[in-house]
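What follows is calculated from the coordinates using simple rules that are stated; it is not laboratory data. Since we're looking at a predicted model, the values are computed, not measured. Positions of Cβ are backbone-derived with ideal geometry, glycine not excepted, and every protein chain shown enters the neighbour counts.
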Amino acid sequence: MIKIIIISKDENSNSIQYILDSFQKNEIFLISPKADITKYSAKNLIKINDNNILDFNKLKEKLDLERFGWYYQQFLKYQSVLTLDGEEFLIIDGDTIIDKSLAKSNTLFRTDKSTVEGYSNLYKELFPEHTLNGKSFITNQMVFKKAYLKEIIDDIENDNSNSWIEKVTELVKNNKNFMFSEYQVYAEYILNKGYDIDVKQTSIFRRMDLIHDSIENALMKYNILAYENQHKTGYLRILRAKLYYLFGKSIG
């Protein structure tokens, strides 16, 4: 059975509790800055402080990377899969709720949007012989196989003296047109390797924090919901979110 990892910078009662309630038979890891004192509790929940997986302060001092916190969350996801006991993990962003049908082996979910150019540029630099899918796989969740991820890491390091994190960081720091996405890199690599995997389109609504409706109703319109409370809020953004939600149009 797939193990679930929730990567959470800030606790979100809407999303984390829903995941715990929805996946009571799966082993769930909550990885966050203060996981050991979290308010959440369940028999199948294992709480791990993120520094026990990847030390935030030591890495920040070593890398001196702009937008370090944003990249740290992405590095942490890979490192969690590599570190924890298990072979297959569904990673879910801490602000996100997913339909249970997305917890599927050998399946990648994409949006109908094109890949961000910065992500494509970095990927081609890492793997110049690969072709790009062209669609975005950044859906706040993904099923990772440890064996596949190890292969990606080995290819990135490529007998270099630097670790994969250092190599990615060096590329991002030295070229403003490069951006790293943990989800996009994994998906593009798997597809280029020709592994037996399905690709399905999914729908995502990233501003549920602006919508006053139940999770159950929202999941009748979308497969993935996110509560982005830390993002900008204003009259026009609220109006846009409500109109998109009314007509079942994705944001994300």
*Pairwise FRET efficiency - T38 versus R67, Cβ, R0 = 30 Å, nearest 0.05*: 0.70
*Given the Cα atoms of region 152-252, and with Rh set as the inverse mean 1/r over their pairs in the Kirkwood sense, what is Rg to Rh to two decimals?*
1.12
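I'd like the FRET efficiency for E166 and K249, computed as 1/(1 + (r/R0)^6) with the beta carbon distance as r and R0 of 51 Å, rounded to 0.05.
FRET efficiency, E166 to K249: 0.80.
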*asked:* Sort M179, M220, M142 by Cβ crowding within 10 Å, fewest neighbours at the top.
replied: M220, M179, M142
_What is the angle, in °, between the Cα long axis of helix 235-246 and the longest principal axis of the Cα atoms in the chain? Nearest 10 is fine, range 0 to 90._
80
*Which parts of region 143-159 would a label at S22 reach, counting a residue when its backbone N lies under 14 Å from a point 7 Å out along Cα-to-Cβ?*
143
*Starting from region 101-190, pick out the GluC sites (Glu not before Pro) whose DSSP state is loop and whose Cβ has at most 14 other Cβ atoms within 10 Å.*
E129
_Please return the longest range in the chain lying between exposed loop sites, taking trypsin sites (Lys or Arg not before Pro), DSSP loop only, at most 10 other beta-carbon atoms within 10 Å, and leaving the sites out._
68-175
_Between region 233-252 and region 201-225, the Cα center-to-center distance that results, in Å_ = 11
*asked:* Let's see if you can work this out: charge +1 on each Lys and Arg Cβ, -1 on each Asp and Glu Cβ, no other charges. What is the dipole magnitude of region 103-252 about its Cα centre, in debye to the nearest 20?
replied: 840
*Okay, which of region 237-252 sit inside 20 Å, backbone N to the point 7 Å along the Cα-Cβ direction of L132?*
252
*Globularity ratio of region 1-48, using Cα Rg and 2.2 N^0.38 Å*: 1.01
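Could I get the Rg over Rh figure for region 21-60? Both from C-alpha atoms, Rh via Kirkwood, rounded to two places.
1.07
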*Once you sort the root eigenvalues of the Cα gyration tensor of region 203-252 as a ≥ b ≥ c, which label holds: rounded (a/c under 1.5), prolate (a/b larger than b/c) or oblate (the other case)?*
prolate
*asked:* Quick check: from the Cα gyration tensor, does region 3-202 come out rounded (a/c under 1.5), prolate or oblate?
replied: oblate
*Per residue, how big is the convex hull around the C-alpha atoms of region 45-160? Give it to me in cubic angstrom, could you?*
150
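Placing unit charges on C-beta atoms (Lys and Arg positive, Asp and Glu negative, everything else neutral), compute the dipole magnitude of the chain about its Cα centre in debye, rounded to 20.
900
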*How big is the Kirkwood radius of region 97-215, worked out from every pair of different alpha carbons and given in Å to one decimal?*
15.6
*Taking the DSSP beta bridges in region 3-202 as the whole, what percent of them are antiparallel, to the nearest 5?*
25
*Once the piece of chain linking E216 and T83 is laid out straight, how much longer is it, given 0.36 nm per residue of separation minus the C-alpha distance between them?*
44.5 nm
*Scan the chain and hand back the longest stretch that contains none of the chymotrypsin sites (Phe, Trp or Tyr not before Pro) lying in DSSP loops with at most 14 other Cβ atoms within 10 Å.*
1-194
*Subtracting the Cα-Cα distance from 0.36 nm times the residue separation, let me have the gained length for K146 to D196 in nm, one decimal.*
16.5 nm
*Mind sorting I46, I138, I5 by how few other Cβ atoms lie within 10 Å of their own Cβ, fewest first?*
I46, I138, I5
